[in-house]
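What follows is a set of notes on a single structure, which appears directly below.
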């Protein structure tokens, strides 16, 4: 069964505008509100929160906070608008305008995730962790997650792959020491952890750009002469890495387009082998959809057409 997305009115739901047109806005005591337990954002920007506090001191809370009921009477959980609630508390307000909306745990996480993505409030690791939560906690496929938050399946897959990085590199990415571009370049070295760490250290120490990092990753490391030997039949050994600039360029293009590690291994007598790495069953499905999509039923090959 295909799940429905969050709908075109999501941005209005997040801001409270859509609900405000159809439901009463209630003033709720600030101490009767609880933060969203599925809030994907691990930290809030202090400067931005202070600016919002100053705005609320001057104009009040302009957009209602969207909440849901809890088992405890007159206590509500915030679905969207936690920053407004925190800023209102700082500003000394006793109540904030709220709209009650029915939402289960899954919907709360979806809305909180999209709200932060729309406002660019989440870091890449926070985004990846929230996406993984949707997959693991609620059993969604990557396709369903992509549909729910309005992005491509490859974006979801690439984001989730960031969680495969070593903790030191994930912390550097979360802290802004390296960029997502750096992290994705390093991911292609997942089966070469020592080399990954060495290049990561150079990024930090030398301030390498993403392009410089990608060039370093593409460089073929020195390998033993025995690794260049061929197996019977002219097949290259698995560890062999071509030094031909043309093959390196082909490898780079395949890797960038497929979003995974690729090895192009030519044979000395012509031909060769292409190795494509996939990480799980869903990643294999993603690659199949790109390389060998199913033939549409409406498609008729010319050879199938018989003259009348």
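The values are calculated or read from the model by the stated rules, or taken from the named source; none is laboratory data. Remember, it's a predicted structure, so these values are computed and weren't measured experimentally. In this analysis, Cβ positions are derived from the backbone assuming ideal geometry, glycine residues included, and neighbour counts consider all displayed protein chains.
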Check your understanding: Got a number for residues in the range 245-273 being more than 24 Å from residue 161 (Cα to Cα) and surrounded by fewer than 12 Cβ atoms within 10 Å (Cβ to Cβ)?
Key -> 6
Review point. Taking the range 142-180 only, how many residues are closer than 16 Å to residue 260 by Cβ, assigned to a helix (DSSP H, G or I) and free of Cβ contacts under 8 Å to residues at least 12 places away in the same chain?
Key: 1
Review point. Does at least one position in the range 83-91 carry a residue that is at pLDDT 90 or above, in a strand (DSSP E or B), surrounded by 18 or more Cβ atoms within 10 Å (Cβ to Cβ) and in contact with a strand residue (DSSP E or B) (Cβ under 9 Å, 6 or more places away or on another chain)?
Key: no
Study note, to complete from the structure: The one condition residue 236 fails out of (1) out of contact with any helix residue (DSSP H, G or I) (no Cβ under 7 Å at 6 or more places or on another chain); (2) at pLDDT 80 or above; (3) farther than 21 Å from residue 196 by Cα; (4) surrounded by 12 or more Cβ atoms within 10 Å (Cβ to Cβ) is (2)
Practice item. Can you confirm whether the range 196-219 contains a residue that is at pLDDT below 85, out of contact with any helix residue (DSSP H, G or I) (no Cβ under 8 Å at 6 or more places or on another chain) and not in a helix (DSSP H, G or I)? Key: yes
Study note, to complete from the structure: Pairs returned, first residue in the range 273-291 that is on the phi < 0 side of the Ramachandran plot, second residue that is assigned to a loop (DSSP other than H, G, I, E, B), beta-carbon separation under 6 angstrom, 6 or more apart or interchain, are 277/260; 277/261; 284/278; 287/278
Check your understanding: Mind checking which residues of the range 142-169 are at pLDDT 85 or above and more than 25 Å from residue 276 (Cβ to Cβ)?
Key -> 167, 168
Review point. Any chance the range 15-31 includes a residue that's closer than 22 Å to residue 104 by Cβ, surrounded by 16 or more Cβ atoms within 10 Å (Cβ to Cβ) and at pLDDT 75 or above?
Key: yes
Practice item. Determine whether residue 227 is more than 24 Å from the chain's Cα centre (by Cα), modelled with pLDDT under 50, not assigned by TED's automatic domain parsing to the domain that holds residue 273 and not in a loop (DSSP other than H, G, I, E, B). Key: yes
Review point. Identify, please: which residue in the range 185-195 is part of a helix (DSSP H, G or I) and in contact with a helix residue (DSSP H, G or I) (Cβ under 7 Å, 6 or more places away or on another chain) and is, among those, surrounded by the fewest Cβ atoms within 10 Å (Cβ to Cβ)?
Key: 187
